[in-house]
Amino acid sequence: MSTLAIDIGGTKVALGMVENGKLIERTQIATPSTIDVREFANHILSPCSEWLEKAQNIGISTTGWVKPEGITSINPDTLPFPQPFALHREVERTSDRPVAMLNDAQAAACFEFKSHANLVKNMAYVTVSTGVGGGIIIDGKLHKGSNWLAGHIGHTVIDINGPDCGCGQNGCVEAIASGTAINKVAQATINPTISNIELFELARNDASAMAIIKRSAQAIAVLCTNLKATYDLDLVVLGGGVGLASHYMELVDEYIQQKPAAFRVPITKASGDYDACLLGAAEQFSLSLDNSNAQH
Ligand code: BMX
Ligand code: ZN
């Protein structure tokens with residue numbers, strides 16, 4: 001089976017051809033700034049017209065709260081979708097292919113679970129990227145909640161006096177640990193033009209740069225122990241540009257190990273690496289997981 005996979009993030013859109021669970025072609029573009037659904041769909045499909053001809057179906061994973069009627073922003077600072085943004089319907093109309101759509105981290109959780117299914121039943125995928133997202137697997141199934149919101153762990157509050165979050169709360173994990181949050185602190189305290197890649201390089205021998213990264217890692221460790229206390233997880237799988245950055249997961253693990261034993265949870269890097277969400281987009285057409293309620 002050939003699936004055109006599309007992963008929409010706050011910063012970039014990744015596109016790929018997935019055949020029998022393997023990514024055989026891949027490209028990426030900057031996330032379009034248009035809020036017109038037709039323009040958005042045309043823009044993201046334009047680099048892959050050849051792949052589209054071969055694809056039997058299209059799987060989309062996207063930042064945002066994905067409900068049957070479309071995408072809504074929880075944090076419009078990550079990506080301001082007008083609501084509801086019925087991208088799946090528009091892509092279906094333009095491409096004449098079946099389309100399934102899920103939240104990015106929920107999709108990645110489904111993909112990552114496949115590699116661990118023999119050993120674990122309860123697992124969370126946590127992405128630390130533009131925002132902080134999550135997907136939760138309980139008893140081998142994606143936990144969706146009553147209305148597909150489940151997994152928006154970036155918006156659990158860990159500091160009641162913490163910084164404002166675009167979701168309307170303050171002290172959310174996302175407002176402290178995300179790539180956007182790290183960058184905000186770095187711009188204010190180190191150098192107004194530093195990128196997160198440069199910040200990680202600088203942190204090798206600069207204590208103030210390292211302190212910014214450590215604060216993020218500590219917040220993610222608190223998130224992981226909170227998830228352990230809530231769901232008694234067997235495993236947390238970490239992904240995203242920040243989550244996969246050099247030594248970041250090791251830092252998170254150091255903080256987890258400082259917690260009482262009952263709340264410690266094993267943590268590992270995403271087997272799909274930076275493409276876990278993209279592979280998760282295609283995974284919606286796999287029959288191996290009960291995911292039949294994805295938005296079609
Ligand atoms: C935000 C939220 C989540 C998403 C997470 C990670 C929006 C637009 N997005 O918390 O739905 O899963 O960011 O998204 O409200 P990413 O863009 O960083 O991958
Ligand atoms: Zn929030």
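The values are calculated or read from the model by the stated rules, or taken from the named source; none is laboratory data. Nothing here was measured: the structure is a model prediction, and the numbers come from that model. Positions of Cβ are backbone-derived with ideal geometry, glycine not excepted, and every protein chain shown enters the neighbour counts. SASA here: full protein model, heavy atoms, side chains in, ligands and nucleic acids out. Shrake-Rupley method; radii C 1.70, N 1.55, O 1.52, S 1.80 Å.
Of all the listed residues (I44, I35), the sole one being among the β-branched types (V, I, T) and in a helix (DSSP H, G or I) is I44.
For segment 190-202, the candidate set comprises residues that are among the aliphatic types (A, V, I, L, M) and open to solvent by 10 Å² or more (accessible area, probe 1.4 Å); within that set, the residue that is nearest to ligand 1 (Cβ to nearest atom) is I197. Exactly one residue out of Y255, Y231 is touching a Cys at 6+ places or on another chain (Cβ under 9 Å) and among the hydroxyl-bearing types (S, T, Y): that is Y255. Counting residues in segment 105-114 that are within 15 Å of ligand 2 (Cβ to nearest atom), among the acidic types (D, E), open to solvent by less than 20 Å² (accessible area, probe 1.4 Å) and under 22 Å from Y231 (Cβ atoms) gives zero. Taking first residues from segment 246-262 that are within 19 Å of L233 (Cβ to Cβ) and partners that are outside any helix (DSSP H, G or I) and among the aromatic types (F, W, Y), no Cβ contact under 7 Å between residues at least 6 apart in sequence or on separate chains turns up. You will find that of T72, T94, the residue that is in contact (Cβ under 8 Å) with a residue 12 or more places away in the chain, in contact with a strand residue (DSSP E or B) (Cβ under 6 Å, 6 or more places away or on another chain), surrounded by fewer than 24 Cβ atoms within 10 Å (Cβ to Cβ) and not assigned by TED's automatic domain parsing to the domain that holds V173 is T72 and no other.
Which one is most open to solvent (accessible area, probe 1.4 Å), of the residues in segment 81-91 that are at pLDDT below 95 and more than 8 Å from ligand 1 (Cβ to nearest atom)? Among them, the one singled out is Q83. Please count how many residues of segment 166-189 are surrounded by 17 or more Cβ atoms within 10 Å (Cβ to Cβ) and either under 27 Å from A207 (Cβ atoms) or not assigned by TED's automatic domain parsing to the domain that holds L223 (or both). Count: 15.
Just a yes or no: is a residue in segment 141-157 at pLDDT 95 or above, more than 12 Å from ligand 1 (Cβ to nearest atom) and within 18 Å of L278 (Cα to Cα)? Checked segment 141-157: at least one residue is at pLDDT 95 or above, more than 12 Å from ligand 1 (Cβ to nearest atom) and within 18 Å of L278 (Cα to Cα). The condition of being on the phi < 0 side of the Ramachandran plot, in contact (Cβ under 8 Å) with a residue 12 or more places away in the chain and surrounded by fewer than 18 Cβ atoms within 10 Å (Cβ to Cβ) holds for A150. Looking at segment 90-139, which of its residues are among the charged types (D, E, K, R) and within 26 Å of H43 (Cβ to Cβ)? Result: E90, E92, R93, D96, R97, D104. Against the criterion of being within 13 Å of S271 (Cβ to Cβ) and either surrounded by fewer than 24 Cβ atoms within 10 Å (Cβ to Cβ) or assigned by TED's automatic domain parsing to the domain that holds N147 (or both), A117 qualifies.
For segment 110-135, residues that are within 27 Å of A181 (Cα to Cα) and either of a type in the set (K, R) or within 12 Å of ligand 1 (Cβ to nearest atom) (or both) total 11.
Residues in segment 122-147 that are among the polar types (S, T, N, Q), within 16 Å of ligand 2 (Cβ to nearest atom) and either without any contact (Cβ under 8 Å) to a residue 60 or more places away in the chain or open to solvent by less than 20 Å² (accessible area, probe 1.4 Å) (or both): T127 only.
Scanning segment 14-69 for residues that are more than 16 Å from ligand 1 (Cβ to nearest atom), hydrophobic (A, V, I, L, M, F, W, C) and either open to solvent by less than 20 Å² (accessible area, probe 1.4 Å) or over 20 Å from G272 (Cβ atoms) (or both) yields M17, V18, A41, L45, C48, L52, A55, I58. When the residues of segment 203-235 are filtered to those that are β-branched (V, I, T) and within 17 Å of K184 (Cα to Cα), the one that is least open to solvent (accessible area, probe 1.4 Å) is I213.
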